[in-house]
Amino acid sequence: MSPQCTQGDATSAQTWERALAGRKADGLLSDPPYCLLTRRRKDGDLRDPKHKKIDRGPVRRFENVREFRDFTKKWLEVAVKHLTPEAPLVLWMNLLGREPMTAACRELGYGHVQGEFVWGKRTREGNSGEEILRVVETALVFTRSPAEPQSPDSPALPWAAVAGYDDDGEAAAWGNHPNHKPFGVLEPLVRTWSRPGQLVVDPFAGSGSIPAAALKLGREVACIELEPEWAERVTKRLEQKQDLQG
């Protein structure tokens with residue numbers, strides 16, 4: 001049976017039950033809404049972001065950091081009930097959201113930060129022909145237990161990747177979601193924090209970058225997406241990925 005993206009609210013226990021069908025996931029890898037604050041003028045009206053219209057669609061904004069903290073804690077409280085005790089939380093976040101996300105994870109028993117995975121996003125600087133790297137997104141890895149000591153012969157854990165927005169050429173094909181991530185950025189995280197055959201869940205699937213990468217690497221996947229249009233796209237993407245592998 002092809003994996004499906006469950007359309008629903010990630011803060012709802014019913015949505016998680018539909019997505020996992022009674023199973024518990026071996027790992028949570030997700031790109032949840034960042035701590036992006038609503039831009040307003042002095043009179044309280046919404047203000048357009050620079051060079052573009054007011055964000056609509058898949059980008060969510062919060063009135064303040066407290067609202068973001070409450071939202072994060074709400075969905076995480078539901079999520080951890082559907083994970084195995086050993087399951088890591090691998091969560092992408094921006095700078096402003098790191099502290100409230102870390103605090104929420106600690107409150108729920110995930111008090112150990114194993115490390116911070118950095119995406120050096122490759123971009124071009126004007127017409128100079130040179131490439132620059134912008135570190136705008138990082139993934140924090142949380143666990144319930146401390147890290148096991150590494151032996152001298154253990155391979156080094158990957159904590160960084162360099163890639164452009166669409167190095168795999170899949171962004172446009174699946175809607176150019178603002179949170180698209182290429183396979184080259186996700187592969188190290190999936191390989192390091194899960195094993196083939198394990199169930200990886202993403203409660204904020206977006207265009208399906210994470211579940212598609214996990215499926216390609218031999219993991220079972222479950223995912224949730226609030227927007228019906230995007231949930232449908234993710235399901236089609238996973239069906240196509242499975243057909244290619246089969």
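The values are calculated or read from the model by the stated rules, or taken from the named source; none is laboratory data. All values derive from a computational prediction rather than experimental measurement. Note that each Cβ is placed from the backbone with ideal geometry, even for glycine, and that neighbours are counted across all protein chains shown.
The table that follows gives values for the structure above.
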item	result
Search result, residues across segment 161-182 that are out of contact with any Phe, Trp or Tyr (no Cβ under 9 Å at 6 or more places or on another chain) and either of a type in the set (A, V, I, L, M) or modelled with pLDDT of 95 or more (or both)	ALA172, ALA173
Among (1) assigned to a loop (DSSP other than H, G, I, E, B); (2) farther than 24 Å from ARG18 by Cα, the one test that SER207 misses	(2)
ARG60 at pLDDT below 90 and in contact with a Phe, Trp or Tyr (Cβ under 9 Å, 6 or more places away or on another chain)	yes
Tally, over segment 118-160, of residues that are of a type in the set (Val, Ile, Thr), within 17 Å of PRO88 (Cβ to Cβ) and at pLDDT below 90	0
